[in-house]
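J.: I'd like to ask you about the structure that follows.
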Amino acid sequence: MNLRWLHLAAFVIVIVNWIVFAAFFVFEKKPRREQATRRERLSVIGIVVQGLSYGTVWMLERPRFTPIVPLPGLLEALLPIAAVAFSTASVWLTMRSIRTLGKEWSYEARLVEGHRLVTAGPYGWMRHPIYTAMAGKLLATGLVVSHWIGLLAGLVLMAIGTAIRVRSEEKLLRTQFGAAYEDYARRVPAILPWRLGR
């Protein structure tokens with residue numbers, strides 16, 4: 001069964017989602033940039049490693065509009081459909097999370113004057129929903145363009161970069177909010193909206 005049209009459609013939707021994602025950053029009204037009171041510079045290394053994960057997925061491509069792995073019959077349709085779902089959900093989650101954070105949002109780990117501990121919206125489901133969304137975008141992109149080796153390498157790099165950023169941010173938040181952050185961390189999982197092993 002030739003499902004090339006489905007792979008093409010998934011590719012187009014994932015690319016459109018990337019455009020929507022980029023447009024959000026360009027056109028979204030940004031809150032006034034607050035002066036940082038504390039920074040965790042190591043988080044920049046995490047940003048770079050996460051960036052490398054996307055580069056790896058895009059550079060190690062497979063022939064366009066073909067499955068990432070061969071699957072029999074209609075099972076082949078599952079991966080492009082999953083790519084569209086991951087991509088769309090990730091864009092929505094990123095936009096919702098950034099709007100929820102407001103002035104607390106930043107690329108690098110930092111605290112600002114009057115920094116709030118945000119636990120509403122997506123932050124009620126997981127402590128780092130933007131990183132969840134970033135991993136979802138990476139997975140979606142890999143499923144439509146990457147060789148499976150590129151996707152696997154990209155996921156490993158994303159995990160490393162995310163671990164660095166999570167550790168950096170949580171170090172600042174634990175210092176700033178103490179017991180309130182510890183309680184939040186006990187109640188709300190870090191990356192996935194559920195705890196493994198429960």
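J.: Looking at (i) 1.10; (ii) 1.04; (iii) 1.22, which value of Cα Rg over 2.2 N^0.38 Å comes from a calculation on the structure shown?
T.: (i)
J.: Right, another one. Using a basic spin-label model with each label point 7 Å from the Cα along Cα→Cβ, how many nm lie between Ile45 and Ala89?
T.: So the label points at Ile45 and Ala89 sit 3.2 nm apart.
J.: Only four residue types carry charge here, +1 at the Cβ of Lys and Arg and -1 at the Cβ of Asp and Glu. Report the dipole size of the stretch 122-195 about the Cα centre in Debye, rounded to the nearest 20.
T.: Around 80 debye, computed over the stretch 122-195.
J.: Would you mind pulling out the separation of the Cα centroids of the stretch 145-191 and the stretch 55-85, in Å?
T.: What the calculation gives is 26 Å, centre to centre.
J.: Over the stretch 118-198, what relative contact order in percent results from Cα pairs under 8 Å that are six or more residues apart?
T.: Relative contact order here is 52 percent.
J.: Another question, then. How high is the FRET efficiency from Gln176 to Ala9, r the C-beta distance, R0 35 Å, rounded to 0.05?
T.: 0.15
J.: Per 0.36 nm of contour for each residue apart, how much would the distance between Arg116 and Arg38 grow if the chain were fully extended, relative to their Cα-Cα spacing?
T.: 26.7 nm
J.: Also, quick follow-up: Can you tell me the relative contact order of the stretch 1-89? Whole percent, Cα pairs under 8 Å, sequence separation 6 or more.
T.: Result for the stretch 1-89 is 68 percent.
J.: Further question: In nm, give the distance between the simple-model label positions of Leu74 and Trp125, each being 7 Å from the Cα along the Cα-to-Cβ direction.
T.: 2.8 nm
No lab work stands behind these numbers, since they all come straight from the coordinates. Remember, predicted model here, so these are calculated numbers, not experimental data. Counting neighbours? That spans all protein chains shown, and the Cβs are built from the backbone with ideal geometry, glycine included.
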